[in-house]
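These notes concern the structure reproduced below.
Just so it is clear, none of the values below were taken in a lab; they were calculated from the coordinates. Since the structure is predicted, the reported quantities are computational estimates derived from the model, not experimental observations. When we count neighbours, we look across all protein chains shown, and the Cβ atoms used for this are built from the backbone with ideal geometry, even at glycine.
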Amino acid sequence: MIAGCECCLSYLKNAFALVAGARLTHDLKYVLADDVFTTGSTLYSCAHVLRHAWALNLDIVIFAHG
């Protein structure tokens, strides 16, 4: 995440969640895709939710930098 963008995280607090009943396992690989990387807040927030759900092997794909 880019330094100085901590305020962006407050806008995304509780914005992402897993679907009820979704099960993730620590031994599978998960891919998180984002169209544009600006501050990194969206990816950080999504990755935080996935890691707390045991998605420990997480790759990130970004298509553009803003």
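In this entry, residue 31 is excluded by the filter for residues that are assigned to a helix (DSSP H, G or I) and free of Cβ contacts under 8 Å to residues at least 60 places away in the same chain. If you go through region 42-52 and pick out every residue that is crowded, with 16+ Cβ neighbours inside 10 Å and over 11 Å from residue 16 (Cβ atoms), you end up with 0. Quick check: anything in region 14-32 among the charged types (D, E, K, R) and surrounded by 15 or more Cβ atoms within 10 Å (Cβ to Cβ)? No: region 14-32 contains no residue that is among the charged types (D, E, K, R) and surrounded by 15 or more Cβ atoms within 10 Å (Cβ to Cβ). Scanning region 49-66 for residues that are in contact (Cβ under 8 Å) with a residue 12 or more places away in the chain, of a type outside the set (Asp, Glu) and not in a loop (DSSP other than H, G, I, E, B) turns up 49, 50, 57, 58, 60, 61, 62, 65.
Entry remark, region 34-48: residues being in a loop (DSSP other than H, G, I, E, B) and acidic (Asp, Glu) number 1 in total.
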